[in-house]
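Notes follow the structure.
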Amino acid sequence: MSAVDHKKLITPEQLVPIRPKPVEVWDVERIRKHFPVLSQMVNGKPLVYLDNAASSQVPQMVIERGMQYLKYEHSNIHRGVHYLSMKATNAYEGAREKVKRFINARDVKECIFVRGATEGINLVMHGYGRKFINAGDEIIISAMEHHANIVPWQILCEEKQARLRVIPMNDAGELLLDEYDALLNEKTKFLAVTHVSNALGTVNPVREIIDRAHKYGVPVLIDVAQWAPHMAIDVQDLDADFYVLSGHKMFAPTGSGILYGKQHLLEKMNPFQSGGDMIKSVTFEKTTYADLPNKFEAGTPAIASQIGLGAAIDYLNIIGREKAAEYEHELLEYATARLSAIEGVRIVGTAREKLGVLSFVIEDIHPHDIGTILDQQGIAVRAGHHCAQPVMKRLNVPATARASCSFYNTKQEADALSEAIEKVIEVFV
Ligand SMILES: Cc1ncc(COP(=O)(O)O)c(C=O)c1O
């Protein structure tokens with residue numbers, strides 16, 4: 001056995017990750033340096049990353065936290081008595097504590113780690129829906145949901161002979177609240193609505209929506225996948241019963257996410273997945289379930305990813321969410337004005353209140369062709385139905401091109417986008 005050079009071993013104190021400095025004035029060039037991926041060339045041009053609604057980029061601080069875990073702390077959680085297992089458990093549960101403060105939950109028991117918004121919605125459909133929705137009941141969603149907030153409820157309705165009802169929207173992509181009122185009745189047993197449309201950027205008046213549902217005693221799930229990367233969340237203030245979000249859309253690795261649920265509802269729900277770590281005791285005759293939140297976290301979770309989500313929350317707290325939001329608002333207005341001024345471009349989704357997303361079409365040019373030509377200029381946008389086919393159908397477009405921004409994007413990038421779009425039009429006309 002070779003001798004260990006103790007001088008070369010590191011101590012836990014040496015594992016403190018580099019932290020960016022708090023931001024006084026929004027200095028986007030400084031912020032961009034936090035994101036290594038942004039400094040590369042794509043197809044010979046500086047990368048212009050405008051696909052943030054699909055997945056945001058990861059800052060160095062989060063990458064380092066993940067590396068630190070993988071290099072020096074990796075172990076399985078909860079069941080170990082040894083040093084590394086306790087270290088990993090502390091980091092994982094520490095991330096949950098950060099989540100609790102980030103969303104202002106009453107207790108960590110209300111914060112369930114999930115792989116993303118999709119898994120969170122499916123958990124509620126299985127755990128709550130399968131237990132409490134019955135034949136003849138009605139579930140309300142909206143016309144602008146991501147497929148993740150349509151398909152699970154559709155499956156449930158088919159299974160239970162319940163009815164799925166949809167709050168319609170106008171041509172601008174705004175929900176019609178009078179029609180919503182007409183849908184609510186004593187048969188309504190659940191409501192699931194997105195805070196922000198991923199296809200259009202519309203911000204929905206969720207406080208109003210939640211309050212009206214609660215008047216009928218209807219539990220509400222709010223999908224904050226597109227809200228969380230931009231704005232603060234206070235689950236107690238809005239008072240919805242469930243919230244879901246995806247970590248990879250808010251500067252954390254894929255495989256991370258949160259389902260928030262009010263404790264009294266989570267307590268009476270059935271487990272989602274079953275197996276190790278979600279039990280109190282198992283015999284061949286009967287299994288009793290672990291207390292919250294473990295009851296909903298069967299098997300080995302995405303430990304590194306959820307620790308990364310904790311680090312992403314630290315990052316957002318350091319840079320300051322309010323300043324980021326102000327900057328993003330100005331940037332979206334600027335980009336909207338630039339694109340609207342190009343002849344032949346039509347913005348899809350013109351709601352009065354929008355966040356982060358700029359969907360558009362160009363007459364006679366398929367969005368996939370737009371996306372491909374923009375990529376040749378190093379510009380990443382998304383083209384297609386954005387997992388929101390009913391939105392496309394309602395607004396009478398087969399697909400859109402979608403630019404979605406974050407606080408690290410710049411006005412120069414919006415200029416580059418609009419110049420590249422002008423080139424697309426030149427190529428096709
Ligand atoms: C509004 C909304 N809800 C749900 C999802 C699904 O998120 P995930 O794929 O991370 O589970 C998305 C993803 O784009 C989304 O935009």
Those residues of the stretch 269-290 which are touching a helix residue (DSSP H, G or I) at 6+ places or on another chain (Cβ under 8 Å) and outside any loop (DSSP other than H, G, I, E, B) amount to TYR289
Restricted to the stretch 109-138 and to residues being assigned to a helix (DSSP H, G or I) and among the acidic types (Asp, Glu), the residue farthest from the ligand (Cβ to nearest atom) is GLU110
Can you tell me which residues in the stretch 39-54 are buried (at least 19 other Cβ atoms within 10 Å of the Cβ) and either among the hydroxyl-bearing types (Ser, Thr, Tyr) or more than 16 Å from the ligand (Cβ to nearest atom) (or both)? VAL48, TYR49
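Mind counting the residues in the stretch 360-390 that are among the aliphatic types (A, V, I, L, M), touching a His at 6+ places or on another chain (Cβ under 8 Å) and touching a residue at least 60 places away in the same chain (Cβ under 8 Å)?
So the answer is 1.
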What residue, of THR372, THR350, THR336, is polar (S, T, N, Q), in a helix (DSSP H, G or I) and closer than 23 Å to ASP171 by Cβ? THR336
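To keep it simple, each residue is scored yes or no on (1) within 23 Å of GLN389 (Cα to Cα); (2) out of contact with any strand residue (DSSP E or B) (no Cβ under 8 Å at 6 or more places or on another chain).
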{"site": "THR288", "(1), (2)": "no, no"}
{"site": "PHE296", "(1), (2)": "no, no"}
{"site": "TYR315", "(1), (2)": "no, yes"}
{"site": "ARG321", "(1), (2)": "no, yes"}
{"site": "LEU331", "(1), (2)": "no, yes"}
{"site": "ALA335", "(1), (2)": "no, no"}
{"site": "LEU339", "(1), (2)": "no, no"}
{"site": "SER359", "(1), (2)": "yes, no"}
{"site": "GLN376", "(1), (2)": "no, yes"}
Within the stretch 384-406, identify whether any single residue is surrounded by fewer than 22 Cβ atoms within 10 Å (Cβ to Cβ), in a strand (DSSP E or B) and under 24 Å from the mean Cα position of the chain (by Cα), and answer yes or no. yes
Does the stretch 79-100 contain at least one residue that is touching a strand residue (DSSP E or B) at 6+ places or on another chain (Cβ under 6 Å) and more than 30 Å from ALA380 (Cβ to Cβ)? yes
Tell me which of these PHE190 doesn't satisfy, since it passes every other one: (1) touching a residue at least 24 places away in the same chain (Cβ under 8 Å); (2) buried (at least 23 other Cβ atoms within 10 Å of the Cβ); (3) closer than 28 Å to ALA304 by Cβ. (3)
Whether any residue in the stretch 415-425 is on the phi > 0 side of the Ramachandran plot, in contact (Cβ under 8 Å) with a residue 12 or more places away in the chain and not in a strand (DSSP E or B) is what I want to check. no
Does GLU419 satisfy the condition of being acidic (Asp, Glu), surrounded by fewer than 23 Cβ atoms within 10 Å (Cβ to Cβ) and within 16 Å of the ligand (Cβ to nearest atom)? no
A careful count of residues in the stretch 116-154 that are of a type in the set (Lys, Arg) and touching a His at 6+ places or on another chain (Cβ under 9 Å) gives 0
For the subset of the stretch 78-108 comprising residues that are over 22 Å from MET250 (Cβ atoms) and in a helix (DSSP H, G or I), which member is farthest from the ligand (Cβ to nearest atom)? TYR83
Can you find even one residue in the stretch 265-288 that is under 23 Å from the mean Cα position of the chain (by Cα), closer than 20 Å to ARG101 by Cα and buried (at least 23 other Cβ atoms within 10 Å of the Cβ)? yes
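Out of everything in the stretch 55-77 that is in contact (Cβ under 8 Å) with a residue 12 or more places away in the chain and of a type in the set (D, E, K, R), what residue ends up being farthest from the ligand (Cβ to nearest atom)?
So the residue we want is GLU73.
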If a residue counts only when it is closer than 26 Å to SER359 by Cβ and within 16 Å of the ligand (Cβ to nearest atom), which helices (runs of 4 or more DSSP H) contained entirely in the stretch 139-250 have at least 3 such residues? 151-160
Which members of the stretch 251-268 meet the condition of being in a loop (DSSP other than H, G, I, E, B) and among the small types (Gly, Ala, Ser)? ALA252, GLY255, SER256
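Bear in mind that the values in this text are calculations on the coordinates, not laboratory data. Given the structure is predicted, the values throughout are model-derived calculations rather than measurements. Ideal geometry is used to build each Cβ from the backbone, glycine not excepted, and the neighbour counts take in all protein chains shown.
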